[in-house]
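The values are calculated or read from the model by the stated rules, or taken from the named source; none is laboratory data. In this text, all values refer to a predicted model and were calculated from it rather than measured experimentally. With ideal geometry, Cβ positions are generated from the backbone for all residues, glycine too; neighbour counts draw on all protein chains shown.
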Amino acid sequence: MEILRIAIAGSVGAGKTSFIRTISEIEAVDTDKRSTDEIALFKDKTTVALDFGLFTVVPNQLLYLYGTPGQPRFDFMWDILIRQVQACIVLVDAHRPEYLQYGTQLLDFVNQRVQIPILIGLTHMDCPSAAKPEDITSALGLQNATKKPPVIVVNPTQKASITEALKILISEIIKPSIL
């Protein structure tokens, strides 16, 4: 049995917990606690350690999905999780431009610690205030990047959308081993 470990990172409210709950074949394990700071204005609970779920890609290939906390005060968990995974999906909340800088920080954080495939998933693109994909790519500093990660729209509440993102990321994991 091949096990691939994938981190799902992003800002608070980007859809990490929903992503894992939607696709997991087991009841997702979470560490959600009541929000007690400014996050409580738009979200009752927040992840304080991690979320965990499983997904079978093919009969002999299993994904372990680890959702990271979205608040910088829990960044010690990012470090623990990111060193254990083969790839990372960074969810970027397209309708909260104030969190775009956070996406850049996450990308830098990952790239400074490990060299793994990354996929950028744009969430909340259906909101009227959502930024355009090219504006998000530019804000993340990826416009002129020599090795730009795949950037796709992801709806963390739709299994088909998540499955597509996972397929693309798995192809990025496998690609280097083929060459």
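Points to keep in mind about this one:
- Taking the range 120-167 as the range and being of a type in the set (Val, Ile, Thr) and either farther than 14 Å from PHE19 by Cβ or more than 18 Å from the chain's Cα centre (by Cα) (or both) as the test, the residues that pass are ILE136, THR137, THR146, VAL151.
- Within the set LEU50, LEU63, the sole residue that is modelled with pLDDT under 85, over 25 Å from SER138 (Cα atoms) and either among the basic types (Lys, Arg) or assigned to a strand (DSSP E or B) (or both) turns out to be LEU50.
- Yes/no for ARG5 being surrounded by 12 or more Cβ atoms within 10 Å (Cβ to Cβ), among the basic types (Lys, Arg), at pLDDT 90 or above and farther than 22 Å from ASN111 by Cα: no
- ALA131 meets all of the listed conditions (1) under 22 Å from PHE55 (Cα atoms); (2) in a loop (DSSP other than H, G, I, E, B); (3) modelled with pLDDT under 90; (4) of a type outside the set (D, E, K, R) but one, namely (1).
- Only one entry in GLY103, GLY121 is buried (at least 20 other Cβ atoms within 10 Å of the Cβ) and assigned to a helix (DSSP H, G or I), namely GLY103.
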